[in-house]
Amino acid sequence: MRPSSSPRSFLPHLAKVKAATCFGRRITPPFVTLYVTTRCDERCIHCFYWDELNPKPNVDFTLAEFERTLASMGEIFNLFIGGGEPFLRADLAEIVLAAHRVNGVANVYVPTNGQHTERVVSTLSRVLPRATGLRFHLNLSVDHVDEDEHDRIRGRQGAYRRLLKTADAVKSLRQTHPNLILHTLTTVMRDNQSEILRIHEELKRRFEPDGTSYNYCRGNPLDAAQTEVDPQIYRELADRVQQDRRAGRIREGAFGALNHGLDEQVRCSVEKTVTEGRAQFSCVAGRLACVIYSNGDVTECETKNSLVGNLRDADYNFPSLWFSAKAESIAADAADGCHCTHECGHYASTIYSAKLLAKVAGRAMSAGSTALRREA
């Protein structure tokens, strides 16, 4: 697939997917979470993946294994990079560029703990000018704005200072490369929820992000008590973010009004999932979304983790796993009332639903009308 030289619109992609999947036909997933490493140099109390990190011996795919896998797949519009800490891989830029070149990736989302400033700058400097049609979403993980608290939550002394160094180092790249989009990414958990509105205000001031993203603590974290999140506090946070965007207190930039509207819709559906205890949509995990772990395991999502198969066993032929009867059964189970608070699942299921996309468009139009009234 030939990559675009300018950022692509989602609607033509959506029309193509709808046409290709009519009458229940399957395609390789256009929404992929790709774990590139199990190595991590922090020990976060909210991490749901903590018991899989830093195995010995290391079993991560090589660059060649990632390239063979990607070559067997079709279009990927949204690629979410997972880990571990992705920037511990010296070849992260080559993985991203391969996905853009071979699979036409339009958006790549890369989280980072911000501990490796030189590696972040080097990776961005290699990717951004060579893939101008790729929107590179750099997600800085910030769990508190008090240095000692952030370091305690992340399990590493000096983590906050190094994170700020990385944020400062990418400022010039944001000015010269419009395809670099900066987010802050904060996990809402028991230990920061009472301060979350103050944290939100400081994130806007200190990082000037294109978007502030918040994950609802989930799964089986290192400290199990961190999942004790008050839904009312989360609701107040969602309301504040919405008010800030509509009042122009969060920059829109390359992220765009529709993407902010999508974030609002996802926060709303996550909250309703918690308070109502039921599915808000038919999940597309296993149909249009998947997870590929760095050891080659393929699952429908990070929550249920139903093993479809392993790519090393399948000679890196993704379709041989994805078009199997087992994969279809797993997808049917996910679609039939499965629900969780994982934002990626909500995001994927929203963008491939005409009904939910209409809600997103309505939110964006409402925000635009508010902005026009403010400027009048």
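The values are calculated or read from the model by the stated rules, or taken from the named source; none is laboratory data. Quick caveat, the model's predicted, so the values are computed rather than measured. In this analysis, Cβ positions are derived from the backbone assuming ideal geometry, glycine residues included, and neighbour counts consider all displayed protein chains. Heads up: the accessible areas ignore ligands, DNA and RNA and are worked out on the full protein's heavy atoms, side chains in. Shrake-Rupley method; radii C 1.70, N 1.55, O 1.52, S 1.80 Å.
Residue pairs whose Cβ atoms lie under 9 Å apart, sitting 6 or more positions apart in sequence or on different chains, and linking a residue in the range 107-125 that is in a loop (DSSP other than H, G, I, E, B) to a partner that is among the acidic types (Asp, Glu), are ASN113/ASP41; ASN113/GLU42; ASN113/GLU85; GLN115/ASP41; GLN115/GLU42; GLN115/GLU85; HIS116/ASP41; HIS116/GLU85. Against the numbered list (1) closer than 25 Å to THR184 by Cα; (2) within 19 Å of the chain's Cα centre (by Cα), VAL274 comes up short only at (2). Considering the range 201-227, the residues that are touching a helix residue (DSSP H, G or I) at 6+ places or on another chain (Cβ under 6 Å) and not polar (S, T, N, Q) include one that is nearest to CYS47 (Cα to Cα), namely LEU222.
Scanning the range 45-93 for residues that are in a loop (DSSP other than H, G, I, E, B), without any contact (Cβ under 8 Å) to a residue 60 or more places away in the chain and closer than 22 Å to GLY133 by Cβ yields ILE76, ASP91.
Is it true that some residue in the range 101-122 is hydrophobic (A, V, I, L, M, F, W, C), open to solvent by 10 Å² or more (accessible area, probe 1.4 Å) and either under 24 Å from PHE48 (Cα atoms) or in contact with an Asp or Glu (Cβ under 7 Å, 6 or more places away or on another chain) (or both)? No, because not a single residue in the range 101-122 is hydrophobic (A, V, I, L, M, F, W, C), open to solvent by 10 Å² or more (accessible area, probe 1.4 Å) and either under 24 Å from PHE48 (Cα atoms) or in contact with an Asp or Glu (Cβ under 7 Å, 6 or more places away or on another chain) (or both). Looking across the range 285-318, the residues that are assigned to a loop (DSSP other than H, G, I, E, B), of a type outside the set (Gly, Ala, Ser) and open to solvent by less than 30 Å² (accessible area, probe 1.4 Å) come down to LEU288, TYR293, GLU300, CYS301, GLU302, LEU311. Tallying residues that are touching an Asp or Glu at 6+ places or on another chain (Cβ under 8 Å) and of a type in the set (Gly, Ala, Ser) within the range 258-302 yields 6. Can you confirm whether GLY337 is over 16 Å from PRO29 (Cβ atoms), in a loop (DSSP other than H, G, I, E, B) and in contact (Cβ under 8 Å) with a residue 24 or more places away in the chain? Criteria met by GLY337. Looking only at the range 214-234, decide whether some residue is buried (at least 22 other Cβ atoms within 10 Å of the Cβ) and of a type in the set (A, V, I, L, M). No, every residue in the range 214-234 fails to be buried (at least 22 other Cβ atoms within 10 Å of the Cβ) and of a type in the set (A, V, I, L, M). Scan the range 181-206 for residues that are open to solvent by 10 Å² or more (accessible area, probe 1.4 Å) and in contact (Cβ under 8 Å) with a residue 12 or more places away in the chain and the total you get is 12.
Quick one: how many residues across the range 8-43 are hydrophobic (A, V, I, L, M, F, W, C) and surrounded by fewer than 16 Cβ atoms within 10 Å (Cβ to Cβ)?
Quick first cut of the range 8-43, residues hydrophobic (A, V, I, L, M, F, W, C) only: 10-11, 14-15, 17, 19-20, 22-23, 27, 31-32, 34, 36, 40.
Narrowing the set further to residues that are surrounded by fewer than 16 Cβ atoms within 10 Å (Cβ to Cβ) leaves 11, 15, 19-20, 22-23.
Going through the range 8-43 one residue at a time, the tally reaches 6.
Please work out if GLN243 is open to solvent by 40 Å² or more (accessible area, probe 1.4 Å), assigned to a helix (DSSP H, G or I) and at pLDDT below 95. I'd like the intermediate steps shown before the answer.
Numbers: open to solvent by 40 Å² or more (accessible area, probe 1.4 Å): yes; assigned to a helix (DSSP H, G or I): yes; at pLDDT below 95: yes.
Considered against the rule, which asks whether it is open to solvent by 40 Å² or more (accessible area, probe 1.4 Å), assigned to a helix (DSSP H, G or I) and at pLDDT below 95, GLN243 comes out as yes.
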